[in-house]
Amino acid sequence: MNKVSFSYLDELNEVQRNAVTTIDGPVMVIAGPGSGKTRVLTYRIAHLINSGVHPGQILALTFTNKAAREMKERIERVIGSSANKIWAGTFHSLFARILRVEAHRIGYPNDFTIYDTDDTKSVISEIVKTMNLDKKVYAPGVVRSRISSAKSNLITPKAYAVNEELLAYDRMNMRPHIHVLYDKYVKKCEKAGAMDFDDLLLQMFKLLYQNPDNVRSKYQNQFKYILVDEFQDTNYLQYEIMKLLIEYPDSPRNICIVGDDAQSIYSFRGASIENILMFETDFPEVQVFKLEQNYRSTNFIVNAANEVITYNSNQIKKKIWTQKEDGKKIKLIKAATDNEEGKRVSDSIIEQKNRFNLANKDIAILYRTNAQSRVFEENLRRFNIPYRVYGGLSFYQRKEIKDFLAYIRMVINDKDDEAFKRIINFPKRGIGNTSVEEIAKIAEDNGMSMWEVINSIELNSRAKKSIGEFVSIIRESKAKIDKLDAYEAAKFILNKSGIMTMLKADGSIESRSRMENLTSLLDGIQEFVQDDTLEINEEFSNDKSLSKFIQNISLMTDQDENNADADTVTLMSVHSAKGLEYRSIFVVGLEENLFPSYMSLADPSQIEEERRLFYVAITRAEEHLTLSYANSRYQYGDMRFNDPSRFLEEIKDENIDGLIGITRESKGFGEPKILGNFKPLKPKTASLNINPDDFSASPISKIIPGARVLHLKFGEGQVLSVDDRQIATILFSDAVDSPEKRIVLKFAKLQVLE
């Protein structure tokens with residue numbers, strides 16, 4: 001072997017170096033956040049090659065093509081062009097490469113077709129139709145999800161059909177024919193010579209399992225060293241494939257897994273944390289290296305992460321540490337409402353930029369659900385802070401939001417042809433492009449709107465009945481908007497449109513997210529209706545109509561979209577933030593039922609995953625970490641009062657720098673309230689300990705100058721005056737911003753205190 005330089009080892013700390021140079025036998029690298037995981041993985045591969053291993057004998061499995069590409073580029077910088085001979089890529093891409101050579105052995109053509117999600121749904125829809133099943137009950141998204149889950153757990157159609165637990169679950173959900181659909185779907189794919197994405201794993205397993213003497217032994221001999229990145233994100237099937245490749249008589253079992261059980265956050269995608277937790281049991285001779293030194297975050301942030309994750313019982317024990325200085329303590333923002341939370345986060349961003357010379361691109365806002373972005377987008381726009389939504393669209397640019405707003409626009413202004421074209425066949429009602437083009441042509445020739453055309457001219461279209469149904473939806477909605485406030489009118493339109501019915505029927509994760517976004521928009525409209533305060537210099541207006549709301553939204557969203565490469569604050573879900581880092585992180589919406597999610601509260605294992613998600617969120621921060629929560633927020637059209645998240649209580653007091661949002665800016669209204677020993681308490685409506693459920697609004701006639709009143713948002717106050725337009729000026733001693741409020745009594749909910 002030629003002499004090679006191992007100078008790259010000098011860049012590693014002792015534990016990293018041992019993980020890189022221990023090349024024989026099973027190795028588990030537990031890599032804490034910011035611990036140099038990628039460097040260890042790439043240098044380990046480089047060290048294997050420099051130690052005489054042929055690059056073609058190395059199989060490096062990742063979860064994204066980007067990660068594989070970056071890995072190869074880093075290795076190439078160390079060892080040169082031989083890095084291109086490494087088998088490095090995603091599970092799906094590398095297994096597809098093997099199946100292109102070997103698929104004929106399991107009854108598929110080597111040039112098999114790969115079905116994407118739309119192809120899969122189309123096949124399922126066809127089967128549902130031929131079986132005369134209800135397409136709303138057996139929505140393609142729901143069926144596809146069940147089939148995908150079965151495949152990921154190595155459950156064949158035959159095994160599914162005799163699994164009483166699975167069958168009982170399907171019966172409970174009124175879908176007793178799922179197992180039949182699964183069987184027919186598999187046979188259709190086989191007949192078409194097609195594999196879906198799950199098949200790329202399942203058929204790879206089948207190929208190796210059914211051909212031990214030729215195919216399996218061939219690839220066992222080829223891949224002498226297997227490395228798996230982000231091992232905590234693997235599912236049951238992926239792990240079983242790896243075992244087939246690595247376990248055989250006299251095998252050296254040269255498998256290296258790199259991951260962190262504390263960052264296992266993808267169970268909803270089928271990932272199994274048990275894979276990494278049980279690895280030492282499956283490979284008792286494994287050598288374990290814990291990368292615990294954090295190079296990213298300051299000491300207060302690292303301490304908080306350690307404290308939080310200790311509350312999980314199902315974990316591999318470790319304690320991350322840093323040589324960085326303590327840095328700034330963690331900031332806490334307590335807000336009365338979610339809208340105020342958005343305002344105070346925007347305030348804090350401006351303060352950090354001024355005090356610490358941060359650029360916008362150094363800052364990220366992380367939330368539990370994408371629907372939460374709305375309130376932060378609106379406030380960032382008001383403060384003229386440029387932003388981008390990472391891995392997705394701005395809230396008001398999302399398709400489901402634009403579709404719903406198009407319905408509202410059409411109801412308000414039936415001459416809006418762009419809105420008409422967007423929704424005339426959405427949800428699908430059998431009105432094809434030809435019919436729409438015919439309507440548009442008649443409208444153009446006669447100087448009419450498209451709405452006027454379908455209401456006054458006899459069309460030759462075969463879609464007359466469907467057009468009639470659309471006309472009914474718009475007419476019925478028009479009849480309501482003058483009688484209802486903006487929220488009730490919008491809710492009526494959404495129900496009539498059929499959008500929610502369509503999304504519920506689909507049942508996929510994506511559809512649930514879209515439903516959350518639509519609900520968030522309704523919450524925004526409800527907040528607009530319930531907002532009973534007026535700015536001191538604002539011209540009086542009590543217009544709570546849907547038209548007024550749409551006007552406000554249009555003014556907000558007509559601004560030019562931000563350039564993704566510009567200096568912008570980043571908004572994203574915590575799931576999207578994994579692997580990223582920023583100088584300043586805001587983790588928002590930290591309330592029970594939101595983070596942790598209400599869907600996790602009944603399951604201890606799900607609570608542990610929510611805690612790991614919080615751990616991921618706070619360890620994205622390098623220097624500044626701000627946590628925020630609101631005492632109340634609109635959810636599903638109602639004002640909800642949630643407890644602060646249990647995760648806040650798990651951080652020790654010495655790492656926290658009090659609360660932002662409690663200190664009053666106005667003079668003469670008492671001392672600032674700083675919560676020293678932070679213990680999340682149940683939100684109270686005011687200094688009186690009144691349960692919101694017992695709150696009862698008093699008649700307007702009782703709200704007179706001098707009266708003591710209680711407001712659910714602002715607490716206890718005294719009425720200073722009431723003018724002839726029924727606007728009350730009230731001094732609220734517990735208000736977190738300006739204590740003097742002007743409130744429109746028509747919309748106010750005030751309880752007179754005797």
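The values are calculated or read from the model by the stated rules, or taken from the named source; none is laboratory data. This structure is a prediction, so every number in the text was calculated from the model and none was measured. Methodologically, a virtual Cβ is constructed for each residue, glycine included, from the backbone with ideal geometry; neighbour enumeration extends over all protein chains shown. Just the protein is used for accessible areas: all its heavy atoms, side chains included, with ligands, DNA and RNA removed. Shrake-Rupley method; radii C 1.70, N 1.55, O 1.52, S 1.80 Å.
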(message) Given the options LYS121, LYS129, LYS136, name the one that is part of a helix (DSSP H, G or I) and in contact (Cβ under 8 Å) with a residue 12 or more places away in the chain.
(response) LYS121
(request) Identify all residues within the range 139-177 that are assigned to a helix (DSSP H, G or I), among the aliphatic types (A, V, I, L, M) and open to solvent by less than 30 Å² (accessible area, probe 1.4 Å); write none if there are none. (result) VAL142, VAL143, ILE147, ALA150, LEU167
(message) Can you pull out every residue in the range 599-648 that is open to solvent by 10 Å² or more (accessible area, probe 1.4 Å), among the hydrophobic types (A, V, I, L, M, F, W, C) and in contact with a strand residue (DSSP E or B) (Cβ under 9 Å, 6 or more places away or on another chain)?
(response) LEU601, MET639, PHE641
(request) Would you point out the residue of the range 220-231, among those that are out of contact with any Phe, Trp or Tyr (no Cβ under 8 Å at 6 or more places or on another chain), touching a residue at least 12 places away in the same chain (Cβ under 8 Å) and open to solvent by 10 Å² or more (accessible area, probe 1.4 Å), that is farthest from ILE58 (Cα to Cα)? (result) GLN222
(message) Looking only at the range 198-214, filter to residues that are surrounded by fewer than 16 Cβ atoms within 10 Å (Cβ to Cβ) and under 16 Å from THR156 (Cα atoms); which one of those is farthest from the chain's Cα centre (by Cα)?
(response) GLN210
(message) If I filter the range 50-59 for residues that are in a strand (DSSP E or B), β-branched (Val, Ile, Thr) and farther than 30 Å from ILE301 by Cβ, do I get at least one hit?
(response) yes
(request) Return only the number of the condition from (1) over 30 Å from the mean Cα position of the chain (by Cα); (2) within 24 Å of ASN211 (Cα to Cα) that PHE91 does not satisfy. (result) (1)
(message) Take the conditions open to solvent by 20 Å² or more (accessible area, probe 1.4 Å), assigned to a helix (DSSP H, G or I), in contact with a helix residue (DSSP H, G or I) (Cβ under 7 Å, 6 or more places away or on another chain) and touching a residue at least 12 places away in the same chain (Cβ under 8 Å) and apply them to VAL180. Does it pass?
(response) no
(message) Let me confirm something: among LYS329, LYS343, which residue is touching an Asp or Glu at 6+ places or on another chain (Cβ under 6 Å), under 30 Å from PHE641 (Cβ atoms), open to solvent by 50 Å² or more (accessible area, probe 1.4 Å) and of a type outside the set (A, V, I, L, M, F, W, C)?
(response) LYS329
(request) Report the residue count in the range 375-415 for those that are of a type outside the set (Lys, Arg) and part of a helix (DSSP H, G or I). (result) 20
(request) Would you mind finding the one in GLU476, GLU444, GLU458 that is acidic (Asp, Glu), exposed (fewer than 14 other Cβ atoms within 10 Å of the Cβ) and touching a residue at least 12 places away in the same chain (Cβ under 8 Å)? (result) GLU476
(message) Considering only the range 33-54, I want to know if a residue exists there that is of a type in the set (A, V, I, L, M), in contact with a Lys or Arg (Cβ under 8 Å, 6 or more places away or on another chain) and over 29 Å from ASN294 (Cβ atoms).
(response) yes
(request) Among residues belonging to the range 177-204 that are touching a Lys or Arg at 6+ places or on another chain (Cβ under 7 Å) and among the aliphatic types (A, V, I, L, M), point out the one that is farthest from VAL162 (Cα to Cα). (result) LEU202
(request) Specify which of the listed residues (ILE703, ILE651, ILE662) is open to solvent by less than 50 Å² (accessible area, probe 1.4 Å), modelled with pLDDT of 85 or more and over 30 Å from SER600 (Cα atoms). (result) ILE703
(request) Any residue in the range 31-56 that's within 30 Å of ALA577 (Cβ to Cβ): show its pairings with residues that are at pLDDT below 95 and of a type in the set (Lys, Arg) at Cβ separation under 7 Å, as long as the two are six or more apart or on different chains. (result) ALA31/LYS37; GLY32/LYS318; THR42/ARG74
(message) For a quick check of your reading of the model, give me the residue pairs whose first member lies in the range 485-505 and is at positive phi, whose second is of a type outside the set (D, E, K, R) and surrounded by fewer than 17 Cβ atoms within 10 Å (Cβ to Cβ), with beta-carbon atoms closer than 6 Å and at least 6 apart or on different chains.
(response) GLY498/PRO427
(request) Out of the residues in the range 499-518 that are open to solvent by 20 Å² or more (accessible area, probe 1.4 Å) and hydroxyl-bearing (Ser, Thr, Tyr), state the one that is farthest from ARG422 (Cα to Cα). (result) SER513
(message) Being of a type in the set (Phe, Trp, Tyr) and crowded, with 17+ Cβ neighbours inside 10 Å is the filter here; which residues of the range 1-58 pass it?
(response) TYR8, TYR43
(request) Output the residues belonging to the range 421-450 that are assigned to a helix (DSSP H, G or I), within 16 Å of ILE499 (Cβ to Cβ) and basic (Lys, Arg). (result) ARG422
(message) Take GLU418 and tell me if it is assigned to a helix (DSSP H, G or I), free of Cβ contacts under 8 Å to residues at least 40 places away in the same chain and open to solvent by 60 Å² or more (accessible area, probe 1.4 Å).
(response) yes
(message) For the range 290-299, which positions are more than 24 Å from the chain's Cα centre (by Cα) and open to solvent by less than 30 Å² (accessible area, probe 1.4 Å)?
(response) LEU291, GLN293, ASN294, THR298
(message) LYS72 - would you say it is surrounded by 14 or more Cβ atoms within 10 Å (Cβ to Cβ) and basic (Lys, Arg)?
(response) yes
(request) Select from the range 300-315 the residues that are touching a helix residue (DSSP H, G or I) at 6+ places or on another chain (Cβ under 7 Å) and open to solvent by 20 Å² or more (accessible area, probe 1.4 Å) and list them in ascending order. (result) PHE300, ASN303, TYR311, ASN314, GLN315
(message) So, in the range 232-270, exactly how many residues are buried (at least 22 other Cβ atoms within 10 Å of the Cβ), closer than 30 Å to SER573 by Cα and of a type in the set (A, V, I, L, M)?
(response) 4
(request) From LYS478, LYS465, grab the single residue that is part of a helix (DSSP H, G or I) and farther than 29 Å from LEU522 by Cα. (result) LYS465
(message) Can you confirm whether THR120 is open to solvent by less than 60 Å² (accessible area, probe 1.4 Å) and touching a strand residue (DSSP E or B) at 6+ places or on another chain (Cβ under 8 Å)?
(response) yes
(request) Spot the failing condition for ARG97; the list is (1) touching a residue at least 12 places away in the same chain (Cβ under 8 Å); (2) out of contact with any helix residue (DSSP H, G or I) (no Cβ under 9 Å at 6 or more places or on another chain); (3) open to solvent by 70 Å² or more (accessible area, probe 1.4 Å); (4) of a type outside the set (Phe, Trp, Tyr), and only one is missed. (result) (1)
